[in-house]
Amino acid sequence: MPKTLITCDCQGSMQIDSQALAERAGLDVAAPCQALCQGQIDRAAEALTSGDAIFCCTQEGRTFSALAEELGVEAPALLDLRDRAGWSADPAPKLPKMSALLAEALLPARSDRSLDVVSEGLCLVLGPAEVALEAAAQLAPHLSVTVLLDDATDLADRPDFDVIAGRLRKASGALGQFSVTIDALRMIDPTGRGPLGFTAPRDGGQSECDILLDLRGAPPLFPAHEKREGYLRADPAHPPSVAAAVMAASHLVGTFEKLLHVRTEPLLCAHSRAEQTGCTRCLDLCPTGAISPTGEFVTVDPMICAGCGACSAACPSGAISYDAPPVDLIMARVQTLATAYREAGGATPRLLVHDGHGAEMIRLAARHGRGLPATVIPLELPELNAFGHAEALAALAAGFADVTLLPGPKTERPAMEAQVELARAMAGETVAVLDTTDPDALSDALSDALFDATPPAPLATPVRPIGTRRQIARQSARALNPGTETLPLPEGAPYGAVLVDTEACTLCLSCVSLCPSGALGDNPDLPQLRFQEDACLQCGLCANVCPEDAITYAPRLDLTEAALSQRVLNEEEPFACIECGALFGVKSSVERIMAKLEGHAMFTGDKLRMIQMCDDCRVQAQFHSTDNPFSGGERPRVRTTDDYLSKRRDH
């Protein structure tokens with residue numbers, strides 16, 4: 001843990017109570033500097049050489065990193081207490097907010113998982129000849145380039161790169177792993193005099209490349225193409241865009257580190273069972289198509305995954321969870337911010353969740369506008385979609401008065417809106433969206449939504465729920481809705497009840513055998529269908545597999561203890577074997593079968609009675625019946641040596 005906190009009031013533009021911060025954090029906090037990055041750079045050098053330190057200035061991070069490199073020490077950890085707290089038009093004390101931000105910064109960091117992606121510089125350029133050939137000529141000194149033209153164009157001379165003609169049928173993959181299929185493929189025929197010709201066309205040509213430069217001006221090859229690494233697209237009629245794409249492509253050579261954004265637990269997945277489709281939430285939300293079904297589960301292609309986090313927030317079972325940072329670390333950050341704020345004397349904390357784009361808008365609003373109120377605590381995440389309804393409920397249960405989301409250009413709006421709607425159904429209007437991407441308008445928006453608005457009262461007795469995201473959401477909802485038994489939820493919610501039409505249900509229990517979460521169960525001693533509501537994922541598998549269409553859903557959140565135990569949805573009287581009296585099957589089903597088979601030519605005599613027998617008695621009855629299908633003729637006598645010798649003529 002860092003031992004020293006280096007603060008700076010930026011030429012007296014904000015107030016820092018170093019002594020109070022030291023008491024709250026348990027660190028050595030000296031009197032604040034006035035110009036740490038300039039006139040007092042010697043204090044920065046002294047802090048770097050003396051040991052671990054946190055510098056409370058992110059704006060001049062490059063200056064401090066360069067100084068650390070010059071001194072031969074590690075770069076310092078950085079913490080922004082100026083733009084997020086100190087620079088504010090709010091006259092209220094900033095100590096609680098600074099204490100919360102400092103406590104969050106001191107949480108143990110976790111290393112991200114990653115894999116290496118190798119790009120050898122094999123580039124395929126698509127587009128009209130007049131643009132694609134010029135782009136390829138610029139890239140040829142840096143990459144191994146192939147140009148794919150729609151039509152065979154007369155080439156005056158063989159270029160310094162490969163040229164082919166054909167139609168691109170499909171493309172898949174990402175940086176370093178693109179695969180393309182080309183129809184009507186024609187290659188240069190270098191033989192003979194005159195202009196270069198092309199070979200005869202053939203379909204189904206297969207090739208691989210590391211980089212795709214798309215200058216066709218046609219619709220993109222991939223969904224959410226701007227998130228597909230290695231795929232560069234530009235309008236051929238806009239030379240600056242083409243030049244930027246060519247420049248970007250020239251740098252995509254070497255070994256790159258690909259962050260693994262999510263962690264999967266296939267055994268928890270409720271996508272499919274017995275070729276019946278159930279939950280498709282992640283498949284419906286994934287903007288890049290990185291998630292695909294594989295048998296009963298889904299898999300995530302890490303090369304295509306852009307890490308938006310929407311799948312993690314929507315997954316009802318935890319089969320997919322965000323891992324950069326992990327979900328439990330996000331929960332810990334939320335709890336730490338709320339707890340540290342209250343312990344420092346704050347009363348009504350408000351949480352503002354944002355991504356990197358939102359962080360830049362906050363910096364601009366602090367420098368040129370009113371900044372953030374003293375009660376508004378910012379929480380920056382790599383992707384806003386990773387903050388779902390469970391995280392919002394956990395924040396409210398931790399003591400935040402409300403939660404506001406500040407989406408950026410990369411935010412998947414439908415996924416965010418679905419999570420906000422679900423959170424509001426559980427916690428009321430305390431979860432909101434501040435939808436602006438204009439830094440100039442952020443100050444006004446903050447004034448209307450945060451400065452001038454009266455915040456609701458936070459939870460009087462904050463709680464710290466633990467467990468999975470489902471368990472945290474349930475515990476938080478119970479704390480936020482005392483005395484409430486059931487909360488109605490919107491359609492598609494991952495919480496709810498299973499409703500069974502008892503007139504149609506035959507207790508075949510096919511739903512029990514396929515339930516992925518164990519919410520549906522049976523009774524080994526009686527014909528019963530049992531249900532535990534808090535385990536139900538509302539995945540749809542039981543309704544899809546039910547042969548009688550007897551199952552429907554009721555999206556809701558049962559906050560009572562009854563949701564944690566099994567209850568009987570349907571039960572019937574068991575049938576007693578007419579031979580031994582053992583209970584088996586369902587009486588109504590046996591009687592229905594008897595009524596349907598009565599009079600049938602194949603079920604005459606004792607055969608109809610066998611339907612009323614248990615398994616053991618039915619086998620006994622079949623074995624001893626005169627027309628036993630398993631019986632054979634008389635067993636042949638065993639032949640002995642005497643039998644063989646009696647037929648020999650020498651005896």
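The values are calculated or read from the model by the stated rules, or taken from the named source; none is laboratory data. Note that the structure is predicted; figures quoted are calculated from it, not measured. Glycine also receives a Cβ, built like all others from the backbone with ideal geometry; neighbour counts cover every protein chain displayed. Side chains are part of the model used for accessible areas, which takes the heavy atoms of the whole protein and leaves out ligands, DNA and RNA. Shrake-Rupley method; radii C 1.70, N 1.55, O 1.52, S 1.80 Å.
Here are the numbers:
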{"quantity": "FRET efficiency for residue 74 and residue 513, using Cβ-Cβ distance with R0 set to 41 Å, rounded to 0.05", "calculated": "0.10"}
{"quantity": "Difference of contour (0.36 nm per residue) and Cα-Cα distance, residue 573 to residue 184", "calculated": "133.1 nm"}
{"quantity": "Nitroxide proxy distance, nm - points 7 Å out along Cα→Cβ at residue 608 and residue 435", "calculated": "6.8 nm"}
{"quantity": "Calculated FRET value between residue 28 and residue 59, using beta carbons and R₀ = 35 Å, to 0.05", "calculated": "0.90"}
{"quantity": "222 nm mean residue ellipticity, helices alone, for the chain (DSSP H n ≥ 4; -39,500 (n - 2.57); rounded to 500)", "calculated": "-8500 deg cm²/dmol"}
{"quantity": "Listed peptides 13-25, 110-122, 300-312 by packing density, highest first (mean Cβ within 10 Å)", "calculated": "300-312, 13-25, 110-122"}
{"quantity": "Gain in span if fully extended, residue 588 to residue 277, counting 0.36 nm per residue against the direct Cα distance", "calculated": "108.9 nm"}
{"quantity": "Amide H contacts under 5 Å for residue 492, placed H, 5+ residues apart", "calculated": "none"}
{"quantity": "Of 227/258; 97/227; 170/410; 97/410; 97/258, those spanning more than 24 Å from alpha-carbon to alpha-carbon", "calculated": "97/227; 170/410; 97/410; 97/258"}
{"quantity": "Mean separation of Cα contacts under 8 Å (6+ apart) over length of region 55-175, as relative contact order %", "calculated": "15 percent"}
{"quantity": "Where a label projected 7 Å from the Cα of residue 134 along Cα→Cβ would reach, residues of region 214-250 with amide N under 15 Å", "calculated": "215-217, 234-247"}
{"quantity": "Accessible area of the chain belonging to carbon and sulfur atoms, whole % at 1.4 Å probe", "calculated": "51 percent"}
{"quantity": "Average Cα contact separation per residue, the chain, under 8 Å, 6 or more apart, as relative contact order %", "calculated": "9 percent"}
{"quantity": "Whole-percent pair-distance distribution, where bins are 5 Å wide, for the alpha carbons of region 1-57", "calculated": "4, 21, 32, 25, 15, 3"}
{"quantity": "Potential lengthening between residue 66 and residue 525 on full extension [0.36 nm per residue; Cα-Cα distance subtracted]", "calculated": "157.8 nm"}
{"quantity": "Nearest-20 debye value, the chain charge dipole, Cβ charges on Lys, Arg, Asp, Glu", "calculated": "1100 debye"}
{"quantity": "Cβ-derived FRET efficiency at R0 60 Å, residue 255 paired with residue 601, nearest 0.05", "calculated": "0.20"}
{"quantity": "Beta bridge orientation in the chain: antiparallel %, DSSP, nearest 5", "calculated": "60 percent"}
{"quantity": "Label selected from (1) 76, 74, 65; (2) 93, 53, 45; (3) 121, 90, 56, the criterion being Cα extents along the principal axes in Å as computed here", "calculated": "(3)"}
{"quantity": "Zone residues, region 399-421, relative to residue 92, backbone N less than 18 Å from point 7 Å out along Cα-to-Cβ", "calculated": "399-405"}
{"quantity": "Where the chain is the region considered: accessible area per residue in Å², 1.4 Å probe", "calculated": "49 Å²"}
